[in-house]
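Engineer: My questions all concern the structure below.
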Amino acid sequence: MSIITVGTAPIEGQKPGTSGLRKKTRVFMGPHYLENFVAAIWEGIGGAEGRTFVLGGDGRYFNDRAAQVILRMAAAAGARKVIVGQNALLSTPAASNLIRQRGTDGGIILSASHNPGGPEEDFGVKFNMPNGGPAPEEVTDRIFAATKRISAYRILEAQDVDLSRPGVTRLGEMEVEVVDPVEAYRGLMARLFDFAAIRELIAGGFRVHFDAMHAVTGPYAKAILEDELGAPPGSVVNARPLPDFGGGHPDPNPVWAKDLIALMMGAEAPDFGAASDGDGDRNMIVGRGIYVTPSDSLAVLAANAHLAPGYAGGLKGVARSMPTSRAVDRVAEALGIPAYETPTGWKFFGNLLDAGLATLCGEESAGTGSDHVREKDGLWAVLLWLNILAVRREPVAAILAEHWRRFGRNYYTRHDYEAVDAARAGALMEGLAARLGSLPGTEVAGLRVAAADDFAYTDPVDGSRSEHQGIRVELEGGGRIVYRLSGTGTVGATLRVYLEALETDPARLGLDPAAALAPVIAAADAIAGIRAQTGRERPDVTT
Ligand code: G1P
Ligand code: ZN
């Protein structure tokens, strides 16, 4: 086995976005593409020599090949050891947990999250820090800078490592430890939650249905929900991870998980339904006959987390991404704990969690998590819900109704305009930014604008500043419109419009969300001229 040095040249556009570098799989499979980026990671983190890393991914097409390349490059870079999930599989939260539990120098996660997989679909590579969380901008900037001046990379010439069985092998000088991807994670969940109480709930006839969407959480959900908690076999469906996720979008929302929604709205609905995404960090929660928005889920979890052993001491604080509805803010107020508003992307929660300022955090995009790892965690959210249900013994719908009576209801929806011409989308945002000063006090579609700004965030821990994180338009009466461009799209620009209306009148807590939000939706179009500027009559995706 020898280390070879391969000459290369910088490749355009290797700039990590909201969550690592995401591109079409074919792009990643192109000559030197993956290798250049991995070499840039080593450089961006100050070298791999003598270090230990975690490696795994969501099992999408090219996951297995990419893992072998990364192992050979880690060996060539002098890494001491790489801990790899069996068959190169690790859910994102499980990878985060392994990095923390084993005290490694970080890890590489192969995933494009909820984007479809396959040779014509998406692939991604992300570096996580020793705290288990995504690399902060300062590090991803260094990685990007390294991609722009690369001229060679080093790789070991070797056969593939057998990743199909747990155990320790060597690759050149480097140790490779293949681990069961589920075991350490299952142990963590057992410490946070009252498994005995959940087991008893399920034994009493409570029916759980989990859709793994042919993605990485299949083995996790089977091991925990079925084997450990006693849900009957078949409670976890689409449990086998497939390279193309069975041809679907592994995105747990009412659009892509419509079978689950149909089941939960039907006459034979189980008591509790849930789904997770490609890499297992997102979640969707559905009660019998009721969909729980991610923003509401965060608020309900914050209000009830103390019912689970891992959170019995109460929460230090909560954090939500700016576009997430403000439902959780009122829970924090009632609990007398701080609520933080951060830019979109899980990486902004890391400092708050590390510093002990927040315990729970969440995003409207179906991400919820806590300080147990430094990523959002789909199955964790499902288990916290189940723990709460095991204690409260009420239907999901009753828990939500009581929550809204106590805190008010934030009707919420998100409209996505996908693959919009990037120049047009940019012009829309710039036009909005230019008019921010003149908006307050004006009346639009029957609603009055209370305030408007271009969201900027100063991290309370390290003082770093992130600007242009989305346009916020606050309406009188507690409503809000947020406009921002996606940082994870792979084609053109995706305009996201987040719409929120607050209702505290007890007689108006059970409205159809679309009806409750109609005036806000009209105002959003009137303010930004979405239809005129994008040429689109309606959003491509409404969640
Ligand atoms: C999207 C979500 C965001 C999430 C990210 C990674 O990013 O909106 O909440 O953190 O995916 O899963 P966006 O495409 O909006 O930049
Ligand atoms: Zn994900």
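The values are calculated or read from the model by the stated rules, or taken from the named source; none is laboratory data. Owing to the predicted nature of the structure, the values given are computational and were not obtained by experimental measurement. Counting neighbours? That spans all protein chains shown, and the Cβs are built from the backbone with ideal geometry, glycine included. The protein model used for the area step is the full one, side chains on, heavy atoms only, and it has no ligands, DNA or RNA in it. Shrake-Rupley method; radii C 1.70, N 1.55, O 1.52, S 1.80 Å.
Engineer: Hey, got the dipole for segment 375-477? About the Cα centre, +1 on K and R Cβ, -1 on D and E Cβ, debye to the nearest 20?
Structural biologist: Taking the Cα centre of segment 375-477 as origin, the dipole is about 580 debye.
Engineer: Roughly how many whole Å is it from the C-alpha centroid of segment 300-320 to that of segment 145-214?
Structural biologist: Using only Cα atoms, the two centres lie 26 Å from each other.
Engineer: So for the chain: antiparallel DSSP bridges make up what percent, rounded to the nearest 5?
Structural biologist: Roughly 70 percent of the beta bridges in the chain run antiparallel, per DSSP.
Engineer: Taking segment 240-289 as the region of interest, what is the percent of Cα-Cα pairs per 5 angstrom bin, listed from the shortest bin to the one with the maximum distance?
Structural biologist: Here the calculated profile for segment 240-289 is 5, 22, 28, 22, 15, 7, 1.
Engineer: Can you list the lysines whose alpha carbon sits under 29 Å from that of LYS376, skipping same-chain ones fewer than 8 residues off?
Structural biologist: Straight-line reach from LYS376, under 29 Å: LYS15, LYS23, LYS24, LYS81, LYS126, LYS222, LYS258, LYS316, LYS347.
Engineer: Next question, about the same structure. Could you give the accessible area per residue of the chain, probe 1.4 Å, as a whole number in Å²?
Structural biologist: That works out to 37 Å² for each residue.
Engineer: Determine the calculated [θ] at 222 nm for the chain from helices alone, applying -39500 (n - 2.57) to every DSSP H run no shorter than 4 residues and normalising by the residue count; nearest 500 deg cm²/dmol.
Structural biologist: -9500 deg cm²/dmol
Engineer: With a ≥ b ≥ c taken as the square roots of the eigenvalues of the C-alpha gyration tensor of segment 80-184, please select rounded if a/c is under 1.5 and otherwise prolate if a/b is larger than b/c or oblate if it is not? Intermediate values should be presented prior to the final figure.
Structural biologist: Numbers: a/c = 1.34, a/b = 1.20, b/c = 1.11.
Verdict is rounded for segment 80-184.
Engineer: Any chance you could check the Cα centroid distance between segment 367-436 and segment 235-297 for me, in angstrom?
Structural biologist: So the two Cα centres are separated by 15 Å.
Engineer: Trypsin sites (Lys or Arg not before Pro), restricted to segment 351-441: which are DSSP loop and have at most 16 other Cβ atoms within 10 Å?
Structural biologist: ARG393
Engineer: Which residues among segment 520-543 fall inside the zone where the amide N is under 17 Å from a point 7 Å beyond the Cα of ALA419, along Cα→Cβ?
Structural biologist: Those under the cut-off are 534-542.
Engineer: Right, another one. Place a +1 charge on the Cβ of each Lys and Arg in segment 423-475 and a -1 charge on the Cβ of each Asp and Glu, then give the dipole magnitude about the Cα centre in debye, rounded to the nearest 20.
Structural biologist: That gives a dipole near 240 debye.
Engineer: R0 = 22 Å: FRET efficiency of GLU228 with ARG102, Cβ-based, nearest 0.05?
Structural biologist: Calculated transfer efficiency: 0.45.
Engineer: Calculate, for THR442 and ALA518, the FRET efficiency according to 1/(1 + (r/R0)^6) with r their C-beta to C-beta distance and R0 25 Å; round to the nearest 0.05.
Structural biologist: 0.85
Engineer: Can you list which of the DSSP-assigned H helices in the chain have a Cα extent of 18 Å or more along the long axis and an average Kyte-Doolittle score of at least -1.0?
Structural biologist: Span-like helices in the chain: 63-76, 378-392, 422-435, 513-528.
Engineer: Straight-line reach from LYS148: which aspartates and glutamates have a Cα under 20 Å away, not including same-chain ones fewer than 8 places off?
Structural biologist: List returned: GLU12, GLU35, GLU43, GLU137, GLU138.
Engineer: Sequence-distant or interchain residues sharing an amide H contact under 5 Å with THR342, placed H: which?
Structural biologist: Close amide H contacts, sequence-distant or interchain: ARG320, SER321, MET322.
Engineer: Can you give the charge dipole size of the chain about its Cα centre, rounded to the nearest 20 debye, using +1 on the beta carbon of Lys and Arg and -1 on the beta carbon of Asp and Glu?
Structural biologist: My answer is approximately 220 debye.
Engineer: Hey, how much of the P(r) for segment 430-472 falls beyond 17 Å, as a percent of Cα pairs?
Structural biologist: Result: 44 percent of Cα pairs exceed 17 Å.
Engineer: Dividing the alpha-carbon Rg of the chain by 2.2 N^0.38 Å yields what?
Structural biologist: 0.95
Engineer: Could you give the nm distance between label points at ASP354 and GLU49, where each point is 7 Å from its Cα heading toward the beta carbon?
Structural biologist: Calculated label separation equals 2.5 nm.
Engineer: Mean projection of the alpha-carbon convex hull of segment 234-384 over all orientations, in nm²?
Structural biologist: Details: hull surface 37.1 nm².
Taking a quarter of the hull surface, the average projection is 9.3 nm².
Engineer: May I pose another question? Ignoring GluC sites (Glu not before Pro) that are buried or in helix or strand per DSSP, and keeping those with at most 10 other beta carbon atoms within 10 Å, what is the longest stretch of the chain between them? It would help to have the intermediate numbers written out before the result.
Structural biologist: On the way: sites that count: GLU12, GLU49, GLU268, GLU467, GLU537.
With GluC sites (Glu not before Pro) excluded where exposed in loops, the chain gives 50-267 as its longest stretch.
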